[in-house]
Structures are given as C-alpha cells and as structure tokens.
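The values are calculated or read from the model by the stated rules, or taken from the named source; none is laboratory data. Quick caveat, the model's predicted, so the values are computed rather than measured. Cβ atoms come from the backbone with ideal geometry, glycine included; neighbour counts cover every protein chain shown.
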Amino acid sequence: MSQTGVVGRKPMIRTRRRGLLQSSFFRNYLAVAAGFVILLIILAAIFAPAIAPYDPNEQDLLMSLEPASKEHFFGTDQQGRDIFSRILYGARTTLLGALGVVGIATVIGVPLGLIAGYYGGRIDSLITRTFDVILAFPALLLAFIIVAVFGKGLENAVIALGIVYIPMIARLVRSVTLVEREQTYVEAARNLGFSNSRIMFRHILPNCISPIVVQATIDLAYAILDLAALSFLGLGVQPPTADWGAMLEEGREYLLISSNTAIFSGFAIMITVISFNLFGDGLQQHFDPKQRKV
C-alpha cells in the first residue's frame with residue numbers, strides 16, 4: 001500500500017473517532033458516568049476473588065459486628081464475615097441473576113412479539129391476551145406465587161421473574177413489528193418469495209435491536225430490585241451465599257447495634273439501579289432522535 005493511502009486513512013479514522021465522541025450519548029454526562037460506574041461494578045464482580053481480602057463465607061465470631069477498620073474496610077457482620085468481601089461476591093450473584101431474568105424474558109419475548117406483530121389476527125389476540133393476564137398481577141406477587149410453587153432459591157427466582165418480564169419485551173417488539181411490517185422493504189421481501197420467518201428474523205428483527213437494548217438495560221435495574229426483594233424475604237438467594245438483598249435482610253436485625261451490613265448492601269443496590277436507569281435513559285435519547293439533546 002502506498003504511503004499516500006496510509007496517510008489518507010488517518011484523517012478518516014480521526015474523524016470517525018471524533019464523531020463517536022461527539023455523539024449525543026457521549027454528550028450526556030450522566031449516562032457516561034453511569035456507564036463508568038456499571039463498568040466498575042462488572043469488573044469488581046469479575047475480579048472479586050482477586051480483590052476480596054477474605055473468603056466471603058469465612059466466619060469469626062470473635063470479630064462479629066466490628067466497625068470499619070484497616071483489616072475490614074466495611075466492618076464485619078453478625079457472624080464475623082468481612083462485609084467488603086461479601087459485597088464484591090454479592091455483585092456476582094446480583095448481576096448474574098439480573099442477566100438471567102432479562103435473558104429469559106428476551107429469548108422468549110422477542111419471538112413472541114415478532115409473531116404477534118407480524119401475523120396479527122387471532123394469533124396476535126391470543127398472545128396479547130395472555131400478556132394482559134400476566135400484567136394484571138403485580139410483578140412481585142406473581143413471582144412470589146411461582147417461587148412458592150417451585151421452591152426457594154436463586155434459580156427459581158430468576159425463572160419466576162423472567163416469566164413476569166416477558167410481556168414487557170414482547171409488547172415492545174410487537175409495537176415495532178406492527179410498524180415495520182407495513183414498510184416497503186417487507187413487501188419487496190414477500191414479492192421475492194422470502195419465507196415469513198426469514199422476513200421476521202432477518203429483516204424486521206434488526207430494526208427492533210435498538211429499542212430492545214434500551215428496554216433490556218432498564219429491565220436490568222428492575223430485575224436487581226426484584227431479586228433483592230425476593231432474597232430479602234428469604235425466597236431468593238439462600239445462606240450463606242453472598243447477595244445484596246440477603247445481606248440487607250441479615251443486617252436489618254442489627255441496625256441499632258451495627259448498621260454496616262444494611263447500609264453498604266443497600267447503597268450497592270441503590271447505586272447499581274440508578275446507574276442502569278441513567279445508562280438506559282442515555283441510550284434511549286441516543287437512539288430516539290426526538291429525545292436527543294441539541
């Protein structure tokens with residue numbers, strides 16, 4: 001390749017980078033800050049074994065309810081376990097659980113939304129009426145019923161909330177599909193003899209990606225809250241596994257003696273949920289031209 005060609009590409013690369021950094025998302029400083037916080041939380045969860053100074057389940061009753069110190073940055077809980085280590089390992093449980101909830105809802109909800117929006121008629125009515133029945137119940141109440149039937153534990157809590165979250169993803173995809181199926185490119189694909197499944201998944205689905213990403217990001221925040229609520233009530237993560245919701249419940253009984261467990265676990269939940277909400281709002285403003293800030 002000639003030197004002129006190499007030199008000519010450099011300004012183009014710089015222009016693309018400059019355009020990316022000057023996009024509406026990167027001008028939203030709250031969303032960028034939230035993304036940075038989310039990245040830190042994810043890294044802390046991934047490298048928890050290397051960062052945590054103690055085993056999260058290691059007990060030392062002689063050191064129970066100790067205040068924050070050099071040895072224990074956040075103090076210890078009622079069983080003498082290091083709170084800082086449990087917060088780090090709890091991030092793993094919390095994030096993986098929330099990802100599981102959103103993953104189940106997305107894998108099932110997206111195809112159902114595509115089918116309902118594309119075919120319409122009786123199929124659409126059957127699917128949407130089923131969603132209406134699910135949405136008629138409060139999300140946590142329905143999750144409580146499912147967990148009560150299948151038993152306590154993180155896996156059952158994730159499945160229960162995943163089922164509850166399906167209508168939110170599916171209704172979003174259905175609404176986008178209703179618009180896209182009337183577009184010219186869909187009619188052209190039909191005239192070319194493409195199958196309905198190919199039209200839905202190869203042509204319409206790519207146009208649903210942006211709203212799905214935004215909805216999934218916001219749903220992660222709600223999933224973290226709902227999983228924490230289930231664990232707080234003893235229906236989610238079971239002892240001695242480190243989890244922010246379970247830690248909040250454990251620290252509740254010792255608020256007047258030592259509030260470190262409840263405060264730090266509650267703060268971790270609050271920061272994570274707010275960050276995902278702000279990040280999702282930033283993505284929505286970026287993908288939706290009507291909401292972009294000039």
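Does any residue in the stretch 40-67 that is touching a residue at least 60 places away in the same chain (Cβ under 8 Å) and surrounded by 12 or more Cβ atoms within 10 Å (Cβ to Cβ) come within less than 7 Å, Cβ to Cβ, of a residue that is in a helix (DSSP H, G or I) and of a type in the set (Gly, Ala, Ser) six or more places away or on a different chain, and which pairs are these?
From residues that are touching a residue at least 60 places away in the same chain (Cβ under 8 Å) and surrounded by 12 or more Cβ atoms within 10 Å (Cβ to Cβ), the pairs are Ile41/Ala91; Pro56/Ser85.
Considering only residues that are acidic (Asp, Glu) and under 32 Å from the mean Cα position of the chain (by Cα), look in the stretch 67-86 and name the one that is modelled with the highest pLDDT.
Asp82
With the condition kept exactly as written, say whether any residue in the stretch 117-139 is crowded, with 22+ Cβ neighbours inside 10 Å and under 24 Å from Leu205 (Cβ atoms).
Yes, the conditions are met somewhere in the stretch 117-139.
Condition check: modelled with pLDDT of 50 or more, among the β-branched types (Val, Ile, Thr) and either surrounded by 15 or more Cβ atoms within 10 Å (Cβ to Cβ) or over 24 Å from the mean Cα position of the chain (by Cα) (or both). Does Val7 satisfy that?
Numbers: modelled with pLDDT of 50 or more: no; among the β-branched types (Val, Ile, Thr): yes; either surrounded by 15 or more Cβ atoms within 10 Å (Cβ to Cβ) or over 24 Å from the mean Cα position of the chain (by Cα) (or both): yes.
So Val7 fails the test.
Working carefully through the options Thr261, Thr217, find the one that is farther than 29 Å from Ile166 by Cβ, polar (S, T, N, Q) and part of a helix (DSSP H, G or I).
Within the list Thr261, Thr217, the selection yields Thr261.
Could you say whether any residue in the stretch 90-106 is under 24 Å from Ile271 (Cα atoms), modelled with pLDDT under 95 and basic (Lys, Arg)?
Yes - at least one qualifying residue is present in the stretch 90-106.
Out of Leu235, Leu255, Leu230, which single residue is at pLDDT 90 or above and either within 18 Å of Ile38 (Cβ to Cβ) or hydrophobic (A, V, I, L, M, F, W, C) (or both)?
Going through Leu235, Leu255, Leu230 in turn, just one is at pLDDT 90 or above and either within 18 Å of Ile38 (Cβ to Cβ) or hydrophobic (A, V, I, L, M, F, W, C) (or both): Leu230.
Name the single residue that is nearest to the chain's Cα centre (by Cα) among those in the stretch 190-203 being more than 24 Å from Gly109 (Cα to Cα) and of a type outside the set (S, T, N, Q). Can you show your working first?
Step one: filter the stretch 190-203 for residues more than 24 Å from Gly109 (Cα to Cα), giving 190-193.
Pick out the ones that are also of a type outside the set (S, T, N, Q) and you get 190, 192-193.
Numbers: Arg190: 36, Leu192: 39, Gly193: 38 Å.
Filtering first and then ranking leaves Arg190.
Please work out which one of (1) in a helix (DSSP H, G or I); (2) at pLDDT below 90; (3) not aromatic (Phe, Trp, Tyr) is the condition Leu248 fails and give its number.
Every condition holds for Leu248 apart from (2).
Give the residues of the stretch 41-66 that are assigned to a loop (DSSP other than H, G, I, E, B) and either modelled with pLDDT of 90 or more or more than 15 Å from Leu255 (Cα to Cα) (or both), sorted by residue number.
Phe47, Ala52, Pro53, Tyr54, Asp55, Pro56, Asn57, Glu58, Gln59, Asp60
Whether any residue in the stretch 183-195 is surrounded by 13 or more Cβ atoms within 10 Å (Cβ to Cβ) and in contact (Cβ under 8 Å) with a residue 60 or more places away in the chain is what I want to check.
no
So is Ile274 surrounded by fewer than 23 Cβ atoms within 10 Å (Cβ to Cβ) and assigned to a helix (DSSP H, G or I) or not?
Values: surrounded by fewer than 23 Cβ atoms within 10 Å (Cβ to Cβ): yes; assigned to a helix (DSSP H, G or I): yes.
So Ile274 fits the description; yes.
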